[in-house]
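Chemist: Got a structure for you, written out below as structure tokens; questions coming shortly.
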Amino acid sequence: MGWCARLHQRAGNTLSYRRYFKSKRWSRGIAVAVGIVLIAGGSASAFGSRAALAATAPKALILADSVTVPGPAPATSTESIEQYEAQQDGFTVTSVTGAQWDTMTAAQFAQYQVLIIGDPTCQGTNSFAAAVTNETTWEPVVMKSGGNKVLIGTDPTYHYSNNSAPNAAKLEGNGIAFAGKVAGATGAYVDLTCAYDDSVANTPVPLLDGLSTHGAKQFTVIGEGQLSACATGVNIVALTGPTTGLTDADLSGWDCSVHEAFQKFPADYTPLALAPAASLFPSSYCADDVGTKALVCGAPYIMVSGGGVVVKSEISLTPATQTRTEGAKAKLVATVKTPKGPVSGGTVVFSVDSGPDTGKTFTGKTNTAGSVTFSYSDIKAAGSDSVSATYKASGLSQKATATVIWKAPMPTVDTISSSIGETTTTDKVSTTAPGDLLVAFVAGDAQVAGGQRAVVSGGGLTWKLVGRQNSPRADAEIWTARAAGKLTNVKVTVAGHLKGFDESVTIVAFKGALRTGAVATAHSNSGAPTGTLKTTVPNSWVFAVGADWLKYILRTPGAGQHMVHQATDHDADQETFWVQARNARTPKAGTSVTINDTNPVKDPYNLVLIEIV
């Protein structure tokens, strides 16, 4: 154990947090009383609540073995400082013992937006032993969900407790917020505390084996105790997540500011703070200090994996931000240039560190201009990719970052055609461009019980049923197909199962549509037609097909909608078939979109709604 760690233990055994911080209560300007939920013996008890967060707040899970309770003020007597900071970040907090952590399933871990392994005031690997035992369960949850990761190689709780680092709690709070930033994902905040304080060079960190897109055994550290390298000065080289709003001075002068530094780490992690070369820690990374703007080299001890990291060094990555359509290609150019000029023949490793394309990598050599290009295709999913480029020479790596924003294409109507007939009807379809998405809106009736249904075929296309609502005397259906090339008067036929009844089809060819999304149905024996669908992606477009077997009455669409096609039959059947759509695309995913008519209000109806993506 290094002399700093031994000093910390002796001091920590006698420190009274309540006495020391009795007069040092503070707030971020938010009145908070969120209680910790401590799971024990299969039951849960809440020590407090916060009404404003009760229904909607994301959840955080703390490994209780890895924190100190009570923590320093302003944490209460039942809280660690990590819990207090997580609550300030807007999380409701649950704490479990190591034994409980080891019994948890992947589904249980996935209920939390951030998993917290904290600082029990400078302790060893025993404080997170449970997390190592169960790492094959919880770490895949973090990686598969796309959550952010934060790694810290020092003991902020200890130094905040003894007043040597008044902004150490801010480091923790910022780090927890960043780790839990991605809604719908599970992030990880991992503090190695003093666990590797006395470790020799290139000591593996089993706790981190499953937290990289590059596989296991990607992290090694060296402890200050082997070097008498207890860094007092620190260089912040990126202001993101944990280091947001902090300066070099805030992380320096902690008596022992760094306990373990990373000697080896994968490309999907970006260092935020370094123990400088002067501290005797072996240097492995260089970047511009955010305060002095000068290039500095040192040993990383605070790192993150996730989006939004901005770092400057002798390697640049352009464009810094670009927006592309789902399924298209993005191109990024890395350039390495030192004070001596462009670097030719340098190896650059590109990595998609977060976002829908996480895990994609490429390694290339710079040309005579010092540049190398990385191009990749999206997996056809909307979102933002954080991409990094790493250059390594003489044992020192430098990094640049960029963002690629993938947006769903905006589908537009290419052509519309319709036909109506008895039992069967054939429509002739043409398109102006190859690759259109064809959507057949089918409506039919049956004045007898038994339920009508239809089959769509023809045009050399593969048709697929995606939605059907067929009450006993009417039928509304939606079928889809993808045209490989441009279509010219191809025949598409709709055939009803029950013979002698009318069938109507309206085929809309969509240009730039990737696929269909959500489908919903609605039915009533009497009432104004209405149905609701929840969108799955941004900028999608909602259409619907309806059938009324009782009367030939033209529909009056609700606000923000228009009729695409209506057909009424004035024979004895007297039915009405129609297709309508929202006037505009829906900007946000998860929006409930309604298709409705204000007239008639007493007829039966069947509706099928579909999202065009």
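The values are calculated or read from the model by the stated rules, or taken from the named source; none is laboratory data. Predicted model, so just to flag it, every value in this text is computed and none were measured. Cβ atoms come from the backbone with ideal geometry, glycine included; neighbour counts cover every protein chain shown.
Chemist: For region 461-513, give me each residue that is without any contact (Cβ under 8 Å) to a residue 40 or more places away in the chain and under 23 Å from GLU611 (Cα atoms).
Modeler: LEU461, THR462, TRP463, LYS464, LEU465
Chemist: Among the numbered criteria (1) outside the structural domain of CYS230 (by TED's automatic domain parsing); (2) touching an Asp or Glu at 6+ places or on another chain (Cβ under 6 Å); (3) not small (Gly, Ala, Ser), which single criterion is violated by LYS365?
Modeler: Here LYS365 clears every test but (2).
Chemist: Also, I was wondering about something else. Would you confirm, using the coordinates I've provided, whether ALA476 is at pLDDT 95 or above, crowded, with 22+ Cβ neighbours inside 10 Å and touching a Leu at 6+ places or on another chain (Cβ under 7 Å)?
Modeler: In short, yes.
Chemist: Using the structure shown, decide if SER284 is within 30 Å of ASN539 (Cβ to Cβ), surrounded by 20 or more Cβ atoms within 10 Å (Cβ to Cβ) and either in contact (Cβ under 8 Å) with a residue 24 or more places away in the chain or outside the structural domain of SER386 (by TED's automatic domain parsing) (or both).
Modeler: No.
Chemist: Which residue pairs have Cβ atoms under 9 Å apart, sit 6 or more places apart or on different chains, and have a first residue in region 521-548 that is farther than 13 Å from ASN606 by Cα and in contact (Cβ under 8 Å) with a residue 40 or more places away in the chain and a second that is crowded, with 22+ Cβ neighbours inside 10 Å and aromatic (Phe, Trp, Tyr)?
Modeler: The qualifying pairs are TRP541/PHE510; PHE543/PHE441.
Chemist: Being out of contact with any Ser or Thr (no Cβ under 8 Å at 6 or more places or on another chain), surrounded by fewer than 22 Cβ atoms within 10 Å (Cβ to Cβ) and either in the same structural domain as ASP548 (by TED's automatic domain parsing) or in a loop (DSSP other than H, G, I, E, B) (or both) is the requirement here; does THR462 meet it? Walk me through it before giving the result.
Modeler: Values: out of contact with any Ser or Thr (no Cβ under 8 Å at 6 or more places or on another chain): yes; surrounded by fewer than 22 Cβ atoms within 10 Å (Cβ to Cβ): yes; either in the same structural domain as ASP548 (by TED's automatic domain parsing) or in a loop (DSSP other than H, G, I, E, B) (or both): yes.
The answer is yes for THR462.
Chemist: While we're on this one: Filter region 264-315 for residues that are among the polar types (S, T, N, Q) and within 17 Å of ALA249 (Cα to Cα) and give the result.
Modeler: Answer for region 264-315, where residues must be among the polar types (S, T, N, Q) and within 17 Å of ALA249 (Cα to Cα): SER279, THR292.
Chemist: Look at CYS297 and say whether it is at pLDDT 95 or above, closer than 30 Å to LEU192 by Cα, surrounded by 21 or more Cβ atoms within 10 Å (Cβ to Cβ) and assigned by TED's automatic domain parsing to the domain that holds THR220.
Modeler: no
Chemist: Mind listing whichever residues of region 106-133 are more than 29 Å from ASP255 (Cβ to Cβ), among the polar types (S, T, N, Q) and touching a helix residue (DSSP H, G or I) at 6+ places or on another chain (Cβ under 7 Å)?
Modeler: THR133 - this is the single residue of region 106-133 that is more than 29 Å from ASP255 (Cβ to Cβ), among the polar types (S, T, N, Q) and touching a helix residue (DSSP H, G or I) at 6+ places or on another chain (Cβ under 7 Å).
Chemist: Scan THR157, THR94 and give me the residue that is part of a strand (DSSP E or B) and modelled with pLDDT of 95 or more.
Modeler: THR94
Chemist: Look at ASP248 and say whether it is free of Cβ contacts under 8 Å to residues at least 60 places away in the same chain, of a type in the set (D, E, K, R) and assigned by TED's automatic domain parsing to the domain that holds ASN134.
Modeler: Yes.
Chemist: If you don't mind, there's one more thing I want to ask. Would you mention how many residues in region 264-279 are more than 12 Å from VAL234 (Cα to Cα) and either of a type in the set (A, V, I, L, M) or in a strand (DSSP E or B) (or both)?
Modeler: Restricting attention to region 264-279, the residues satisfying the condition of being more than 12 Å from VAL234 (Cα to Cα) are 264-271.
Next, only the ones that are either of a type in the set (A, V, I, L, M) or in a strand (DSSP E or B) (or both) stay: 264, 267, 270-271.
Here the count works out to 4.
To keep it simple, each residue is scored yes or no on (1) in contact with a Phe, Trp or Tyr (Cβ under 9 Å, 6 or more places away or on another chain); (2) surrounded by 18 or more Cβ atoms within 10 Å (Cβ to Cβ); (3) within 20 Å of ASN174 (Cβ to Cβ).
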| residue | (1), (2), (3) |
| --- | --- |
| ILE302 | no, yes, yes |
| ARG324 | yes, no, no |
| LYS329 | yes, no, no |
| ALA334 | yes, yes, no |
| LYS337 | no, no, no |
| LYS340 | no, no, no |
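Chemist: State which residue is farthest from THR480 (Cα to Cα) when the search covers only region 554-585 and only residues that are of a type in the set (A, V, I, L, M) and surrounded by 16 or more Cβ atoms within 10 Å (Cβ to Cβ).
Modeler: Of all residues in region 554-585, those of a type in the set (A, V, I, L, M) come to 554, 559, 563-564, 567, 572, 579, 581, 584.
If we keep only those that are surrounded by 16 or more Cβ atoms within 10 Å (Cβ to Cβ) too, we end up with 564, 567, 579, 581.
Values: VAL564: 17, ALA567: 21, VAL579: 15, ALA581: 17 Å.
Checking each candidate, the answer is ALA567.
Chemist: Does VAL333 fit the bill of being among the hydrophobic types (A, V, I, L, M, F, W, C) and farther than 22 Å from LYS407 by Cα?
Modeler: no
Residue by residue, here is whether (1) in contact with a strand residue (DSSP E or B) (Cβ under 6 Å, 6 or more places away or on another chain); (2) touching a residue at least 40 places away in the same chain (Cβ under 8 Å); (3) within 25 Å of ALA169 (Cα to Cα); (4) buried (at least 21 other Cβ atoms within 10 Å of the Cβ) holds:
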site	(1), (2), (3), (4)
GLU82	yes, yes, yes, yes
GLU85	no, yes, yes, yes
TRP101	yes, no, yes, yes
ILE116	yes, yes, yes, yes
PRO120	no, yes, yes, yes
THR136	no, yes, no, no
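Chemist: Kindly indicate whether any position in region 550-573 is of a type in the set (A, V, I, L, M) and within 26 Å of the chain's Cα centre (by Cα).
Modeler: Looking for residues that are of a type in the set (A, V, I, L, M) and within 26 Å of the chain's Cα centre (by Cα), one finds none in region 550-573, hence no.
Conditions (1) closer than 20 Å to ASP65 by Cβ; (2) at pLDDT 95 or above, marked per residue:
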site	(1), (2)
GLU139	yes, yes
VAL142	yes, yes
PHE178	no, yes
VAL190	yes, yes
ALA195	yes, yes
ASP198	no, no
